[in-house]
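Notes follow once the structure below has been shown.
What follows is calculated from the coordinates using simple rules that are stated; it is not laboratory data. These figures come from a predicted structure and were not determined experimentally. Because the Cβ atoms are built from the backbone with ideal geometry, glycine has one as well, and the counts that use them run over all protein chains shown.
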Ligand code: G1P
């Protein structure tokens, strides 16, 4: 069985839900407290044992490349002023080996993943979506999926149950039980169904281990929901050809594609911080708006 060494992070979207901020700043660079959201995603990949990362970027996303690059003038300035803590912070992101490819047209998530074909080079690979940040200090969500892959040898979708009014926001899975109560064998899946048509409330939440046969399917996948090439449609086809599993991963998951979800992440990550948590909590308790 081939090890999972590579991860793909699609980051080409316009981020229209966060305009006007995303007019000039990639949404992946919006911070939770003081750290760009993409750093949380990349860190989860590295903590899970991923060795190579491909970011599928697009127009107006150069800030992401600069973030994972060295910054000689800033570094010199921080060194001169003896700000070594800050120097360490900016050097951490520069030490990560990241590859890039640009998605030329916004043709959907499936098309973004197809851009990773040469990078994957016939190996199974991970996908992490930037809108889904998962907090689990013990076992990263992606690592949990990798464990399932190592046991089963099949593709694995990171899932959690969502309330009925949310099923139309996600890829929804139909599966049959396996020996592991947290793991279903996927029979089919559907992208963003109306609540009444949804086969379950089990939603795919931005973490995937995918077998390389997906690329041939993606090459022939017609645009689906919203006129976009949907990864969900290609995965559904793959599930008919070979075993695929839906794993109910452990962790607090935040939907950064949503303003309320972004605020929740900001508040909760700030409360967890050693340097900020106590003061921020005090502030929240006494907060009164005029
Ligand atoms: C994408 C996928 C969807 C998945 C979701 C997870 O949708 O198409 O299947 O459930 O991410 O966040 P998006 O949120 O990009 O519209």
Note on the stretch 117-257: contact order normalised by length, alpha-carbon pairs under 8 Å, 6 or more apart, percent, works out to 38 percent
Measuring from the longest principal axis of the C-alpha atoms of the chain, the long axis of helix 84-94 (C-alpha) lies at a number of degrees, nearest 10, equal to 30 degrees
Based on alpha-carbon centroids, what's the gap between the stretch 18-46 and the stretch 211-289 in Å, whole number please? 13 Å
Does the stretch 143-184 come out rounded, prolate or oblate by the C-alpha gyration tensor, with a ≥ b ≥ c the root eigenvalues, rounded set by a/c under 1.5 and, if not, prolate when a/b is larger than b/c and oblate if not? prolate
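FRET efficiency for residue 263 and residue 89, Cβ-Cβ distance as r, R0 = 25 Å, nearest 0.05?
Numbers: r = 24 Å, r/R0 = 0.96.
Once the sixth-power term is evaluated, E becomes 0.55.
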Between 12, 118, 94, find the one with the highest GNM mean-square fluctuation for the chain; connect C-alpha pairs within less than 10 Å. 118
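In whole Å and largest first, what semi-axes does the C-alpha gyration tensor of the stretch 73-195 yield when each eigenvalue is scaled by 5 and square-rooted?
Working: eigenvalues 258, 75, 59 Å².
For the stretch 73-195, the semi-axes come out at 36, 19, 17 Å.
What is the stretch 1-45 by shape, rounded, prolate or oblate, if you read a ≥ b ≥ c off the alpha carbon gyration tensor as root eigenvalues and call it rounded for a/c under 1.5, prolate for a/b larger than b/c, and oblate otherwise?
Judged from the Cα gyration tensor, the stretch 1-45 comes out oblate (a/c at least 1.5, b/c at or above a/b).
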Quick calc, residue 63 & residue 273: beta-carbon distance into FRET formula, R0 30 Å, rounding 0.05, result 0.80
Where only alpha carbons of the stretch 1-150 are counted, the Rg and the Dmax (Å): 16.1, 51
Output the relative contact order of the stretch 53-194, whole-number percent, from Cα pairs under 8 angstrom with separation of 6+ residues. 17 percent
Its Cα gyration tensor gives the stretch 147-290 an equivalent ellipsoid whose semi-axes in whole Å, largest first, are 35, 18, 14
Relative to the longest principal Cα axis of the chain, at what angle does helix 37-47 sit, 0 to 90 degrees, rounded to 10? 70 degrees
Kindly express, to the nearest 10 degrees and within the range 0 to 90, the angle between helix 141-152's C-alpha long axis and the longest C-alpha principal axis of the chain. 30 degrees
Would you list 149, 170, 100 from fewest to most Cβ contacts within 10 Å? 100, 149, 170
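Quick one: 232, 25, fewest Cβ neighbours within 10 Å first, how do they rank? Walk me through the numbers before you get to the answer.
Details: 232 23, 25 16.
Going from least to most buried by this count: 25, 232.
Is the C-alpha gyration tensor of the stretch 169-212 telling us rounded, prolate or oblate? Criteria: a/c under 1.5 is rounded; beyond that, a/b larger than b/c is prolate, otherwise oblate. Don't skip to the answer; put the middle values down first.
Values: a/c = 2.02, a/b = 1.29, b/c = 1.56.
Cα axes put the stretch 169-212 in the oblate bin.
When every alpha-carbon pair in the chain is counted, what percent end up more than 33 Å apart?
On the way: 9729 of 41905 pairs.
Counting every Cα pair in the chain, those more than 33 Å apart make up 23 percent.
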Alpha-carbon centroid distance for the pair the stretch 163-203 / the stretch 72-130, whole angstrom: 31 Å
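Which whole-number percent gives the relative contact order of the stretch 1-109, counting Cα pairs below 8 Å spaced six or more residues apart? Before the final figure, lay out the partial values.
Numbers: 117 pairs, mean separation 36.8, N = 109.
After rounding, I find 34 percent.
Neighbouring Cβ atoms within 10 Å as the yardstick, rank 185, 252 fewest first.
Working: 185 15, 252 11.
Ordered by Cβ neighbours within 10 Å, fewest first: 252, 185.
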